[in-house]
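Taking it in order: structure first as structure tokens, then the write-up.
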Amino acid sequence: MNIILLGPPGAGKGTQAERLVASRGLVQLSTGDMLRAAADTDTEIGHRVKEIMEQGQLVSDDVMVEMIHERILQPDCKNGFILDGFPRTVVQAEALDAMLEKQGLRLHMVIEMAVEEAALVERITGRFACAKCKHGYHDIFLPTKVPGVCDVCGSTEFTRRKDDKAETVHKRLEAYRAQTMPILPYYEGRGILRRVDGMADIDVVTQEIEAQLNKA
């Protein structure tokens with residue numbers, strides 16, 4: 001089964017993708033990871049990607065599609081894949097569909113993890129982690145049992161991601177609305193778009209996604 005998980009930063013796509021990898025034997029294809037991996041290979045596309053990245057330029061749609069094409073032909077993708085980070089535009093979605101069709105493949109489902117932006121900002125900006133063991137916490141939803149002390153290792157040092165600041169989160173949400181949300185009608189028109197409540201409990205979201213996939 002080949003699927004795309006869509007949702008703004010902080011919606012929980014990574015967590016749900018990990019669970020689908022475990023439950024269904026799918027491969028998570030993060031375009032960021034794929035670009036870095038391709039740049040380290042001694043292949044034609046690897047050299048092209050490395051040169052583009054070293055010049056600080058954006059990788060073109062055709063190179064991205066070609067890279068995905070080569071990746072999904074690997075044996076570990078035989079059960080299907082989860083695309084993360086691509087496509088972001090209708091043009092990219094159309095190019096992806098055309099490539100898959102040539103390989104006798106198709107997207108089975110596009111799952112949008114719908115969120116309430118105000119609640120999402122609160123979810124993201126409250127995140128912090130132990131600087132030593134990296135265990136994650138939240139100011140409101142998952143504080144340390146003893147204030148200022150890590151539950152796991154006892155460290156008193158914590159860190160917050162720079163891009164978890166409210167201003168940064170709002171900018172990322174604006175970018176998602178402008179760049180990615182326009183592809184939703186495209187997939188809805190194809191009849192493969194499904195929506196789940198991304199603000200629900202993690203286990204509930206997993207159950208909703210599995211229920212949708214079981215209908216495919």
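Overview of values
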| read-out | value |
| --- | --- |
| Residue in the stretch 19-41 that is of a type in the set (V, I, T) and free of Cβ contacts under 8 Å to residues at least 24 places away in the same chain present | yes |
| Scope the stretch 17-28; condition within 9 Å of the chain's Cα centre (by Cα) and either surrounded by 19 or more Cβ atoms within 10 Å (Cβ to Cβ) or not in a strand (DSSP E or B) (or both); matching residues | A17 |
| Flag for M53 being at pLDDT below 90, surrounded by 16 or more Cβ atoms within 10 Å (Cβ to Cβ) and not charged (D, E, K, R) | no |
| Positions within the stretch 141-173 being of a type in the set (V, I, T) and either closer than 22 Å to M113 by Cα or touching a Pro at 6+ places or on another chain (Cβ under 7 Å) (or both), in sequence order | T168, V169 |
| Residues of the stretch 46-56 classified as acidic (D, E) and either touching a residue at least 40 places away in the same chain (Cβ under 8 Å) or not in a helix (DSSP H, G or I) (or both), total | 0 |
| Hits in the stretch 69-89 (condition: within 19 Å of Y187 (Cα to Cα) and modelled with pLDDT of 90 or more) | G80, F81, I82, L83, P87 |
| Residue count, the stretch 106-147 (criterion: assigned to a loop (DSSP other than H, G, I, E, B), modelled with pLDDT under 95 and either among the aliphatic types (A, V, I, L, M) or touching a Ser or Thr at 6+ places or on another chain (Cβ under 7 Å) (or both)) | 2 |
| Selected residue [closer than 30 Å to H69 by Cα and surrounded by fewer than 15 Cβ atoms within 10 Å (Cβ to Cβ)] from A119, A98 | A98 |
| Close pairs from the stretch 119-142: first closer than 21 Å to P8 by Cα, partner of a type in the set (A, V, I, L, M) and outside any loop (DSSP other than H, G, I, E, B), Cβ under 7 Å, at least 6 apart | V121/A166; V121/V169; I124/V169; T125/A166; T125/V169; G136/A129; Y137/A129 |
| Considering residues of the stretch 29-45 that are in a helix (DSSP H, G or I) and surrounded by fewer than 17 Cβ atoms within 10 Å (Cβ to Cβ) only, the residue modelled with the lowest pLDDT | G32 |
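The values are calculated or read from the model by the stated rules, or taken from the named source; none is laboratory data. Keep in mind the model is a prediction, meaning the values are calculated, not measured. Note that we place each Cβ from the backbone using ideal geometry, even for glycine, and neighbour counts take in every protein chain shown.
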